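To start, the structure under review is shown below, and the notes come after it.
Derivation of every value follows stated rules applied to the coordinates shown; laboratory data play no part. All figures in this text were calculated on a predicted structure; none of them were measured in a lab. FYI the Cβ positions are ideal-geometry reconstructions off the backbone, even for glycines, and counts take in every protein chain you see.
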Amino acid sequence: MTQPAPEIGMGGTYGICGDAYPVTVRRISKSGHMIWAAHDDARVVKGSAHDGSAEWECTPVPNAAATVVFTRRKDGSYKMRGCTSYGTLYLGVRRRREDPHR
């Protein structure tokens, strides 16, 4: 998976199962191996989160603490620290989605 190089302040999407959560990169290790991110605000601007038709507006929270840590894997992807196959960080775009089938 090819992603842009992480930068402080860059937006991203933390995807887990069928859900997606917008985040902002707050800190990067010197090696680039670890990324600390803060959750962004997300609000429905059209449709419904309950049936999957929602259109979301995602905005960074100024000075929010980094609460999620991702580590770079051999394939170049970033996964949530401590998780093996889920919790992937996609850099470059903020998205919010809730799986309506739960």
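Residues checked against (1) of a type in the set (Ser, Thr, Tyr); (2) surrounded by 17 or more Cβ atoms within 10 Å (Cβ to Cβ):
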site	(1), (2)
His39	no, yes
Val45	no, no
His50	no, no
Pro62	no, no
Arg72	no, yes
Thr88	yes, yes
Arg96	no, yes
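Return the only residue of Val61, Val45, Val23, Val69 being in contact (Cβ under 8 Å) with a residue 24 or more places away in the chain and closer than 26 Å to His101 by Cα.
Just a single option satisfies the conditions, and that option is Val23.
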Number of the condition not met by Trp56 [criteria: (1) buried (at least 17 other Cβ atoms within 10 Å of the Cβ); (2) without any contact (Cβ under 8 Å) to a residue 40 or more places away in the chain]
(2)
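Taking strands (runs of 3 or more DSSP E) that fall entirely within the stretch 1-59, which contain at least 1 residues that are closer than 21 Å to Gly82 by Cβ and among the aromatic types (Phe, Trp, Tyr)?
Working: elements: 11-16, 19-28, 34-39, 41-46, 55-59.
Once the strands (runs of 3 or more DSSP E) in the stretch 1-59 are filtered for at least 1 residues that are closer than 21 Å to Gly82 by Cβ and among the aromatic types (Phe, Trp, Tyr), what remains is 11-16, 19-28, 34-39.
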